[in-house]
Structure formats: C-alpha cells, structure tokens
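Comments concern the structure below.
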Amino acid sequence: QKKVSSLKDAYKKDFYIGTALSASQIEEKNAKEDALIRKEYNAITAENIMKSMFVHPQKDKYDFALSDKFVAYGEKNKMFIHGHTLIWHSQLAPWMEKIKDSTEMKAFMKDHITTIVSKYKGRIGSWDVVNEALNEDGTLRKSVFLNTLGEQYLTDAFKLAAAADPKVDLYYNDYNNEAAAKREGTINLIKKVRAGGGKVDGVGIQAHWRLESPSLQEIEESILAYSALGLKVAFTELDITVLPNPWDLKGADVNQNFEGSAKMNPYPEKLPDDVQDKLAQRYADIFKLFLKHKDKISRVTFWGVYDGQSWLNDWPIKGRTNYPLLFDAQLQPKKAYDSVMQLK
Ligand code: XIL
C-alpha cells in the first residue's frame, strides 16, 4: 500500500477535500489548527462570515474585512475557494427581513448579488447562489424572498450571479436533498431556473448526516440523478452526528426542553470504542461510494476542521459533546480518518 500523508494528497486525483473555516481560523489565531488545515485540505468554505448578516449588515454598508482575509488565505495556500452563500432565509441582516415588496426585493437582490460576486470575480471558484429554498416535501420554503417575488426569485438569483461573473460555478445547495421527495423538488427547481434562462452548474448536498441515515442507496441515486442533468455534485457540509436528535422522540417528549439532559448528551467525556468503530465504518462506506462516482463529484467539504469546533456541539441542542468529524477535540486523527485514508 502507498503511503500518503494527508487527505488532500490521498484524494488529489478524485475531488477536492475541503473544510469550513471559522473566523478565528481565517485569522490564523491558532498555529496548530492552521498547520492541520494546510496539511489536510485543499478547498475552503467560510462557515459564517460570508453570510448576508455579516457581509451586508446595513442597506448601504458592506463589510468585507473578514471575507477579504478568507479569500487571501485560500489564494496564499493554493486552495479552491467556495463562496457561501448569497440568498438564504437564515442569518439575514435584520433590515433584510423587513423588505416588503417586489420592487424593494429586486433592488436588494441586484445590489447584493452583483456587489459580492463582482468583488471576488475570478478569485472564487464556485458560489452557493441559493441555499435551502425547499421544504422536506419538495415544495418551496416560505421566506422573505418567496413572499415578495414568488418563485421567480430563484431564476433571478442565478441570472444575477452569472451576469456578475460568467465563469464562476453556480450551485443550488440544500440539506436532506438526497431524500426522494426533496431530490425531486431540487430537480424541478433547477429545471425551472434553467427554463427561465438561469445557469446552474452544480448541486450541493450538504450531507449533515447520521450513523444510520441516509442510506447509501439514497446517496447514490442522488449522485446519478443530479449528474444526469449535467450538474456537478458537491458534498458541501459533511459531518456525521453520533448523538440522538430531539425530534426522534415522540409523544409527550416533543415539547421537553432537552438542554442539559444526559439522555441527549450520552458521551460527555469520550466516544465509546464501539461507536468510534461505527463512525469509522460509516465514513468508509460513504467515501467508497464517493470514489465509485468520483467522475461526477467535484468536492467533498467537511463542516469544520475538528470535533471540538463543530457546530453540532451546539445544534440542535446547546452544550453537547459531539464527534462528527475526522479529527478529535485535540486535533488528532480518529479511527474514521484512518478508514477514509485506507481506501486509497
Ligand atoms: C451553521 C454554522 O456552522 C453555525 O456556526 C451557525 O451558527 C449557523 O450556521 N446549513 C448551512 C450552514 O448552509 O451555513 C450552516 O452553518 C449549517 C446548516
């Protein structure tokens, strides 16, 4: 077996191996973290700082201080740079939530998308143009965008992004879009955007997954269905929770406040060996499938560098200890890391 020293080298010929970066990582606040990021990953996404509330806090004010650092960091390290995200109902600036009618919304979208995409034209490789526009049943999610413009906002967003940078890859990104109903909704959405003259280059499957779901079959069917439309498939926010989710509990438990509950935080000190093994097996199964379809996959990005900084320690319940990534809280590679490396 060949000896390779990092994820990005092991998968160099297959697809980019990315990570989300926090603000402190973009600012290179911790040398150990920085060394790990440079060693293992060749693609980056900003975990938060490019979202609307951060880059466009007021109607006439943009703040690109951190996003400039993010792009410079990627360039300095010769990494693929992904932009996340232009149009999303969440993490909006408060003033955006108050946009009332179609005239105002059209003006907002034109200014917002054109300003941000033009600013990094030629420096960013792909954008999540629209994020999470669908409900689980594949219908369009209610949002300030849908309320003011109807479904036309989707086509408008992709057209504006392409006009600002004709060469950058444009993605529609969502979670659970490997499940059949939402996958159908995604396909319909993309077909409508294209029929209206918008360009869509790829679909982002966020891949906030669990040990037991989704099935490999659902994932494979999605890779095939999306790429049959000529779309690049990216896995954009991969992590695998090992903790129970509150919505798994039925009946009387539904309205319980689970914060601080031991039932919801079963591994506060360390992940037991048997679960560690299950996680390693799950990652191996998933990467095996990715390799099988490497010609259709552009990028696999983890949602965080290591367990200690994962958003899943605070979502959907605050203050838990989760173990969803390939590096542990001390930045050491886990069994899951070895299992992904051993496929090569
Ligand atoms: C999450 C970040 O990880 C958190 O730090 C933040 O508090 C909320 O957003 N789908 C997305 C990501 O597209 O932007 C989200 O990131 C996770 C779900």
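Points worth noting:
- Leading residue by the ranking (surrounded by the most Cβ atoms within 10 Å (Cβ to Cβ)) among those in region 136-149 that are away from the ligand (no atom under 15 Å from the Cβ) and of a type outside the set (Val, Ile, Thr): Phe145
- Residue satisfying condition, being hydrophobic (A, V, I, L, M, F, W, C) and within 21 Å of the chain's Cα centre (by Cα), within set Ala35, Ala31, Ala93: Ala93
- Selected residue [more than 16 Å from the ligand (Cβ to nearest atom) and touching a strand residue (DSSP E or B) at 6+ places or on another chain (Cβ under 7 Å)] from Lys192, Lys199, Lys159, Lys167: Lys199
- Residue match in region 320-331 (condition: of a type in the set (Gly, Ala, Ser) and at negative phi): yes
- Region 6-22 residues that are farther than 11 Å from Ser298 by Cα and away from the ligand (no atom under 16 Å from the Cβ), paired with ones that are assigned to a loop (DSSP other than H, G, I, E, B) and modelled with pLDDT under 95 (beta carbon under 8 Å, 6 or more apart): Ala10/Val4; Ala10/Lys344; Tyr11/Lys344
- Here the condition is being in contact (Cβ under 8 Å) with a residue 40 or more places away in the chain and out of contact with any Phe, Trp or Tyr (no Cβ under 8 Å at 6 or more places or on another chain); of Phe287, Phe327, it holds for Phe287 alone.
- Any hit, region 167-179, residues being buried (at least 20 other Cβ atoms within 10 Å of the Cβ), closer than 14 Å to Met105 by Cα and not hydrophobic (A, V, I, L, M, F, W, C): no
Residues checked against (1) within 23 Å of Ile17 (Cβ to Cβ); (2) within 16 Å of the ligand (Cβ to nearest atom); (3) of a type in the set (Val, Ile, Thr):
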| residue | (1), (2), (3) |
| --- | --- |
| Glu47 | yes, yes, no |
| Asp68 | no, no, no |
| Phe80 | yes, no, no |
| Ile87 | no, yes, yes |
| Lys110 | no, no, no |
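- Index of the failed condition, Arg299 passing every other in (1) touching a Phe, Trp or Tyr at 6+ places or on another chain (Cβ under 6 Å); (2) under 20 Å from Lys8 (Cβ atoms); (3) part of a loop (DSSP other than H, G, I, E, B): (3)
- The residue list Phe258, Phe235 contains one member that is touching a helix residue (DSSP H, G or I) at 6+ places or on another chain (Cβ under 6 Å), aromatic (Phe, Trp, Tyr) and either surrounded by 12 or more Cβ atoms within 10 Å (Cβ to Cβ) or not in a strand (DSSP E or B) (or both), which is Phe258.
The values are calculated or read from the model by the stated rules, or taken from the named source; none is laboratory data. All of these numbers come straight from a predicted model, not from anything done at the bench. For neighbour counting, all protein chains shown are included, and Cβ atoms are generated from backbone atoms with ideal geometry for every residue, glycine included.
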